[in-house]
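The values are calculated or read from the model by the stated rules, or taken from the named source; none is laboratory data. Since the model is a prediction, treat every value here as computed from it, not as a measurement. When we count neighbours, we look across all protein chains shown, and the Cβ atoms used for this are built from the backbone with ideal geometry, even at glycine.
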Amino acid sequence: MNKSEARSYALQKRKEVFIKQIEEDVIEKIIASKILEPFQHIGIYYPIGKEMNLLPLTIYYKDKEFYLPITKEEISFVKYSKDNPLVDGPFHTKEPKGIIKNRDEIECFIIPCVAISLKNQRLGYGKGYYDRYLSQYKGLKIGIVYSNAILDIDMDSYDLVLDIVYSG
């Protein structure tokens, strides 16, 4: 299936899921795996639409620093904290205000995915923000996707390959 078909399919399937239980299951999988243990600086996302909300990880891992994306012409990440109120951003997101963190100082990124190919390539909304931002990134890239959105998709060479995927 091509990327457009996969995106439409996955977004439609997303409407059919009971999101709260799936979010809790994925959060439990991440915690149980201990994959975030070695990292101090973690990129995460603010959920839009029916993306899984993994922000409870920021409460569980109180000793770690988390960064949320801000989007201008390109994507960047700024430190997230309860003391830093979020403001409305583009694409119905919420963004922190503050100083942009150098990408290579963030040791791990947790990335929302509309769908994932069988080769762990990420399919997003089609703007390419994460593809460009993480194209030369050497740290850990974790994808988050619904189980019904792991698909046989014809991807391009520039599509981001994830190191690990958590699904529910």
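Here are some notes:
- For region 118-150, filtered to residues that are among the aliphatic types (A, V, I, L, M) and surrounded by fewer than 20 Cβ atoms within 10 Å (Cβ to Cβ), the residue that is nearest to GLU73 (Cα to Cα) is LEU140.
- Some residue of region 83-93 being crowded, with 17+ Cβ neighbours inside 10 Å and not in a loop (DSSP other than H, G, I, E, B): no
- Of all residues in region 131-160, those satisfying the criterion of being in contact with a Lys or Arg (Cβ under 8 Å, 6 or more places away or on another chain), closer than 16 Å to PRO112 by Cβ and among the hydrophobic types (A, V, I, L, M, F, W, C) are LEU134, ALA149, LEU160.
- Index of the failed condition, TYR158 passing every other in (1) among the aromatic types (Phe, Trp, Tyr); (2) under 21 Å from ILE48 (Cβ atoms); (3) surrounded by fewer than 17 Cβ atoms within 10 Å (Cβ to Cβ): (2)
- Residues of region 1-56 satisfying the condition of being among the charged types (D, E, K, R), assigned to a loop (DSSP other than H, G, I, E, B) and under 16 Å from the mean Cα position of the chain (by Cα): LYS50, GLU51
- Number of positions in region 1-32 that are of a type outside the set (D, E, K, R) and closer than 16 Å to ILE111 by Cβ: 4
- Every pair of residues 6+ apart whose Cβ atoms lie under 7 Å, when the first sits in region 145-165 and is small (Gly, Ala, Ser) while the second is assigned to a loop (DSSP other than H, G, I, E, B) and modelled with pLDDT under 95: SER147/GLY168
- Looking only at region 5-50, and only at residues there that are at pLDDT 95 or above and of a type in the set (S, T, N, Q), the one that is nearest to PHE91 (Cα to Cα): GLN40
- Some residue of region 99-117 being basic (Lys, Arg), in contact with a strand residue (DSSP E or B) (Cβ under 9 Å, 6 or more places away or on another chain) and more than 24 Å from GLU37 (Cβ to Cβ): no
- Taken over region 39-66, residues that are more than 14 Å from LYS82 (Cβ to Cβ), touching a residue at least 24 places away in the same chain (Cβ under 8 Å) and not aliphatic (A, V, I, L, M) amount to 10.
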